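Below you'll find the structure, written out as structure tokens, and then a few comments.
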Amino acid sequence: ASDLDPTTRAQLDRGARLQELLKQAQYRPLPVEDQVAVLYAANAGALEDVPVRRVVDWKTDYLQFLHTVHPEVLKSIYDNRLDRKFPSPDVKAALDATLKEFKQTSNYT
């Protein structure tokens, strides 16, 4: 694996992070709004500097942060989940703002 070019290595690392992010406890799936929030974060590049071994902790802490500090963002995701143009610019902006705030208040590098 050490002889891979940087692009391939980055793609494999991203896949490993997504695999960890998608893990859920048996018989206890995450609510749809939680799933949307963490998948949006992954697609926005929020996990690029998080070590693979810490992705599960990051997910737990980010969801706790959303539930306690910004529950309105999760409610907005849930309320608009059936919209054909989901996520709306408002939901995207809210998620981007929460990701920025969470990154400033946490240390996952």
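Every read-out reported here was derived from the displayed coordinates using simple, explicitly stated rules and does not represent laboratory data. The model shown is predicted, which means the values in this text are computed figures rather than measured ones. Methodologically, a virtual Cβ is constructed for each residue, glycine included, from the backbone with ideal geometry; neighbour enumeration extends over all protein chains shown.
Please state the shape class of segment 60-109: rounded when a/c is under 1.5, otherwise prolate if a/b exceeds b/c and oblate if not, all from the C-alpha gyration tensor. Mind dumping the intermediate values first?
Numbers: a/c = 2.76, a/b = 1.91, b/c = 1.45.
Prolate is the answer for segment 60-109, as a/c is 1.5 or above and a/b outweighs b/c.
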- request: Give, rounded to the nearest 20 debye, the magnitude of the charge dipole that segment 55-100 has about its Cα centre when Lys and Arg contribute +1 at Cβ and Asp and Glu contribute -1 at Cβ.
  value: 200
message: Can you compute 3J(HN,Hα) from phi for each residue in segment 44-60, using the Karplus curve 6.51 cos²θ - 1.76 cosθ + 1.60 with θ = phi - 60°, rounded to whole Hz and x for Gly and Pro?
response: 7, x, 5, 9, 4, 9, 8, x, 3, 5, 10, 4, 5, 5, 4, 4, 4
- line: In nm, the gap between the two label points placed 7 Å beyond Cα toward Cβ at TYR108 and THR8 is 2.8
field: Top positive-direction residue, dipole computed over the chain with Cβ charges, set THR7, HIS70, PRO87
entry: PRO87
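Net charge around PHE102, counting only other residues with Cβ within less than 12 Å of its Cβ (Lys, Arg = +1; Asp, Glu = -1)?
On the way: positive: LYS59, LYS100, LYS103; negative: ASP61, ASP96, GLU101.
Charge balance in the 12 Å sphere: 0.
Normalised by the number of residues in the chain, what is the relative contact order in percent for Cα pairs under 8 Å and 6+ residues apart?
Answer for the chain is 30 percent.
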- prompt: Using a Förster distance of 22 Å, how high is the FRET efficiency between GLU48 and LYS100, based on the Cβ-Cβ distance and rounded to 0.05?
  reply: 0.95
